[in-house]
Amino acid sequence: MKWILLGASLLLMAASARETCPLGPIESAASRQAATYRAASAAAEAVGRRRAVNPGQTPAAANFIDTWTFAKMAKDGVARTTISSDQEFFRRISLDLTGVIPDSAAVTAFVNDKTPDKRARKIDELLASDAFVDRWTMWFGDLVQIVLRSNNSVLYYQGRNVYYNSIKDSIRANKPYDQLVREVIAGKGDSWAAGPPNYVVRQLQPNGPPQDTYDNLASHSGEKFLGMPMLCLSCHNGLGHLEQVNTYLKSKSRFEFWEMAAFFSRTTSRVIRNADPNNPNSRKYDVQDNATGSYRLNTTDGNKSPRAPVNGQDTVPPAYLFTGEKPAANESYRDAYGRMLTADRQFARAAVNYLWKEMFGVAMVEPVNAFDLNRLTGTDAQPTHPELLEELTTSFIAGGYNLRSMLKTMALSNTYQLSAIYAPGPWSEAWVPYFARRYPRRLMAEALLDSVVKATGVPVSFNVQGMGTLNKAMALPDPLEARRRPEGLFLDDFGRGNRDDVARTGDVSIAQALSVMNDTIVTTRVRQATAGSTVAKVLASTTDRGSMADQLYLATLSRSPSAAERQQAIDFLNGGTLSQRTEDLQWTLINSLEFLFN
């Protein structure tokens, strides 16, 4: 019975998390930050204390990240925990960099490797893997919201696929992040033949004047690439609306926002109808830049409040919101905008903050899309570590906007490699901003499904139009795939969102607990009768109960059981029909918080 009760751990986590779910967009950044901190602390306490492998010694600084974080802890009297064990580290870095747990053989080889630089070499190996490309293509796809169909636009599978593949090729080639962003902002051509034009197509607003589309592109690029909440400015001045949200943007006017949106005012998207002979209703777009055109006011329809002339001026020339810079002579408006945006230090700062969030679970600026440029430093500084954020930003720029290099710098730090167990003593939620321990968070939906597949040894397949058969959820081009299949419903339960009006979430819920306990995605994969399953292989390999427990723990949790866990598993396996108990044991491990969280 105690094993079955362990399988309900996510139910308990969901019930306790109801007050810590991320708050809605009307809440202030401070409120959402507080909710994030509460959730991180709760997960650390719930998951960290279940780790059976004792961590190592309290580490010294390994790079400049540690210099800043350890100094802040020392200054404020916050003790950092000990370094993670090899098994805890290996599972963590595999999930963070590639989105899937390691296999048993890889864990064993890593633990048995006694060379002092094995963690650094493993980081390099994962950064060079195909799985890394899939994981970080998923990340950028979320950022730019690649999806076949949204409320505003339809890319069709041809446009979606070419957009996805262009991003994937860029990640594989380690294209500099600033170049990648410039290419999508200024993308031109046939939206079914080239990926970047689909950035414009994705933001088209067909039921209003073209200014609505220009506004969409300006607000989206400002939020996603600068980490700043720009949408409010598209409808009204900051003053009188944003005082409690963003002290920097409160000083900006709607006219200044229009100036930034005007960079898209020469962008055309000519519709080509019936582009697919097999789909008579299909359409693609030829996205180009005109030599003339302007952002005109005097609009009264569409999705925005009326655009009235300002001081008798009914056209708005382009100017970058944060500097007032204008396009150079004969420079394409979108080329100019991409150049200015990616040269803005805030662009690099926002990128570093995004990457930190992915690696550490909590960003230095929370929420990641709520930067207030008036609060980068000082007594009311928004970042947890202002000097560190700036040094990382400088390093990212100096390193050529290299995503792999920045992720490696973070992964090599001992701050990243700290254990989830808080060894010094009782934990305080107030210490979350110090990064004095690892903050586990629930696996993203695709990583969870792929990890169930890896743990059980039973493959999954997805038939994607125009792409053929894919065998990983992390390789799906958008979250609308497999929506009507059991695998898709499982992914939906775990918050993959739709890259439109439903955001990806790391929340926990009762539905998730019931899903992982009862869904055939899990239950059929832990059966002896399922060909190739881990359970079938374990039962065929030995009748030694201790060996069976060792194999199942290693395959599922990427670690060996503690002595107490091993004995508990042996007693459980001896307590009934061996095949049924073996299935139940892996099912229970998959249902544990330790499996569901990283």
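The values are calculated or read from the model by the stated rules, or taken from the named source; none is laboratory data. It should be emphasised that the depicted structure is a prediction, and the values quoted were computed from it without experimental measurement. Because the Cβ atoms are built from the backbone with ideal geometry, glycine has one as well, and the counts that use them run over all protein chains shown. Surface accessibility is based on the protein's heavy atoms, side chains included, excluding ligands, DNA and RNA. Shrake-Rupley method; radii C 1.70, N 1.55, O 1.52, S 1.80 Å.
How much length would be gained if the chain were fully extended between Thr108 and Leu231, taking 0.36 nm per residue of separation minus their Cα-Cα distance, in nm to one decimal?
Between Thr108 and Leu231, full extension yields an extra 39.3 nm.
Taking a 22 Å limit on the Cα-Cα distance, which of the listed pairs Lys252/Lys304; Lys175/Lys224; Lys224/Lys250; Lys72/Lys250; Lys284/Lys472; Lys168/Lys408 fall beyond it?
Check vs 22 Å cut-off fails for Lys72/Lys250; Lys284/Lys472.
What order do you get for 298-309, 586-597 when each peptide is scored by the mean count of other beta carbon atoms within 10 Å, highest first?
Averaged packing, sorted descending, gives the order 586-597, 298-309.
Quickly rank 168-174, 138-144, 191-197 as a protection proxy: mean count of other C-beta atoms within 10 Å, highest first.
191-197, 138-144, 168-174
Helix 130-144 against the longest principal axis of the chain: what's the angle in degrees, Cα atoms only, rounded to the nearest 10?
40
Going from the alpha-carbon gyration tensor of the range 184-329, what semi-axes, largest first and in whole Å, does one get by taking the root of 5 times each eigenvalue?
Numbers: eigenvalues 167, 51, 47 Å².
Values for the range 184-329, descending: 29, 16, 15 Å.
Per the 1.4 Å probe, what fraction of the accessible area of the chain, in percent, lies on carbon and sulfur atoms?
Carbon and sulfur: 52 percent of the exposed surface of the chain.
Given (i) 37.4; (ii) 35.1; (iii) 27.7, which label gives mean projected area of the Cα convex hull in nm² as computed from the coordinates?
The value computed from this structure is option (iii).
I'd like the orientation of helix 345-360 relative to the chain: the angle between its Cα long axis and the longest Cα principal axis, in ° from 0 to 90, rounded to 10.
That helix lies at roughly 20 degrees to the long axis.
Within the range 240-336, report the GluC sites (Glu not before Pro) that DSSP leaves as loop and that have at most 16 other Cβ atoms within 10 Å.
Filter output for the range 240-336: Glu243, Glu325, Glu331.
Bin width 5 Å, origin at 0, all Cα-Cα pairs of the range 368-502: what percent of pairs per bin?
Going from the shortest bin to the longest, the percentages are 2, 8, 12, 13, 13, 15, 16, 12, 7, 3, 1.
Divide by every residue of the chain the summed helix terms, -39500 (n - 2.57) for each DSSP H run of at least 4, and state the resulting mean residue ellipticity at 222 nm, rounded to the nearest 500 deg cm²/dmol.
-14000 deg cm²/dmol
Which trypsin sites (Lys or Arg not before Pro) in the range 447-504 sit in a loop by DSSP (not H, G, I, E or B) and have at most 15 other Cβ atoms within 10 Å of their own Cβ?
Arg483, Arg484
Give the angle, between 0 and 90 degrees and rounded to the nearest 10, that separates the Cα long axis of helix 86-98 from the longest principal axis of the Cα atoms of the chain.
For helix 86-98, the angle is close to 30 degrees.
Hey, what did the range 288-443 get for relative contact order, percent, Cα under 8 Å, at least 6 apart?
Across the range 288-443, relative contact order equals 15 percent.
Express the accessible area of the chain per residue in Å², computed with a 1.4 Å probe while the remaining protein chains stay in the model.
Using a 1.4 Å probe on heavy atoms only, each residue of the chain averages 39 Å².
So for the range 394-481, averaging the separation of alpha carbon pairs under 8 Å that are six or more residues apart and normalising by length, what relative contact order in percent results? Mind dumping the intermediate values first?
Details: 51 pairs, mean separation 14.8, N = 88.
Here the relative contact order equals 17 percent.
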